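Engineer: Input: one structure, supplied below.
Nothing in this text is a laboratory measurement; each read-out follows from the coordinates by a stated rule. Keep in mind the model is a prediction, meaning the values are calculated, not measured. Methodologically, a virtual Cβ is constructed for each residue, glycine included, from the backbone with ideal geometry; neighbour enumeration extends over all protein chains shown.
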Amino acid sequence: MTPSEFRRQIAELTAEIAHRPLDGDLDAWLNTRHGADSATYTALKASCEAGVADGWLCDREGGGIRYGRIFKPADDLHGFSVDVVDMADIAGPHHTHPLGEIDLVMPLEPGATFDGRPAGWVVCPPGSAHRPTVRQGRALVLYLLPQGQIQFTR
């Protein structure tokens with residue numbers, strides 16, 4: 001797996017969601033079509049694990065969280081940026097999502113959750129805010145941010 005191959009995987013997915021509202025319907029659709037039992041989920045999780053192992057994902061660390069923005073928003077990604085974090089039993093910094101956020105939760109330890117959700121997709125609508133929290137083990141979380149917009153709370 002290379003960053004270019006990973007980018008192509010993400011671009012295929014963002015093509016399917018590019019013009020959909022970030023809401024509960026998208027959350028349900030992603031979990032039905034590309035949920036934890038799907039080929040898409042399996043491939044994205046394997047790519048993220050390989051990227052972390054090879055050092056091109058989660059290449060920074062702060063406050064006990066490994067993280068990194070692998071791709072800035074771009075036309076081929078349909079305006080989404082792509083970040084991946086590696087968290088274990090920790091809450092990250094509080095932030096808001098001006099245009100929303102789409103998260104793929106990939107537990108690395110059985111039972112690990114992200115904001116109380118198990119393996120699969122979490123869609124946060126525009127204007128939402130949270131302190132991203134992984135409990136009950138370690139998980140990778142892939143973030144898709146429209147136009148890369150995120151505002152950290154001071």
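Engineer: Report the full-extension gain for the segment ARG33 to GLU49: residue separation times 0.36 nm, less the Cα-Cα distance, to one decimal in nm.
Structural biologist: Details: separation 16, 0.36 × 16 = 5.76 nm, distance 2.16 nm.
Contour length minus the Cα-Cα distance gives 3.6 nm.
Engineer: Now for a separate question. Excluding ARG117 itself, calculate the net charge of residues whose Cβ lies under 14 Å from the Cβ of ARG117, where each Lys or Arg counts +1 and each Asp or Glu counts -1.
Structural biologist: -3
Engineer: Projected area of region 20-143, taken from the Cα convex hull and averaged over every viewing direction, in nm²?
Structural biologist: Numbers: hull surface 29.0 nm².
If I average the Cα hull's projected area over directions, I get 7.2 nm².
Engineer: Using a Förster distance of 30 angstrom, determine the FRET efficiency expected from the C-beta separation of GLU12 and GLN147, and round it to 0.05. Display every interim value, and only then the final one.
Structural biologist: Values: r = 20 Å, r/R0 = 0.66.
Efficiency, rounded to the nearest 0.05: 0.95.
Engineer: Could you tell me the calculated FRET efficiency between ALA74 and ASP23, based on Cβ-Cβ distance and R0 = 25 angstrom, to the nearest 0.05?
Structural biologist: Working: r = 24 Å, r/R0 = 0.95.
According to the calculation, E is roughly 0.60.
Engineer: Around PRO107, what is the net charge, scoring Lys/Arg as +1 and Asp/Glu as -1 over all other residues with Cβ under 11 Å from its Cβ? Please list the in-between numbers first.
Structural biologist: Numbers: positive: LYS45, ARG117, ARG135, ARG138; negative: GLU109.
Residues close to PRO107 contribute a combined charge of +3.
Engineer: Between the alpha-carbon centers of region 114-154 and region 1-38, tell me the distance in whole angstrom.
Structural biologist: That distance is 15 Å.
Engineer: Just to be sure I understand the model, the point goes 7 Å from the Cα along the line to the Cβ. What's the resulting ASP59 to THR40 distance in nm?
Structural biologist: Going from the ASP59 label point to the THR40 one covers 2.8 nm.
Engineer: Let me ask something else. Between THR113 and ARG154, how many nm apart are label points set 7 Å from Cα along the C-beta direction?
Structural biologist: Placing both labels 7 Å along Cα→Cβ, they lie 3.4 nm apart.
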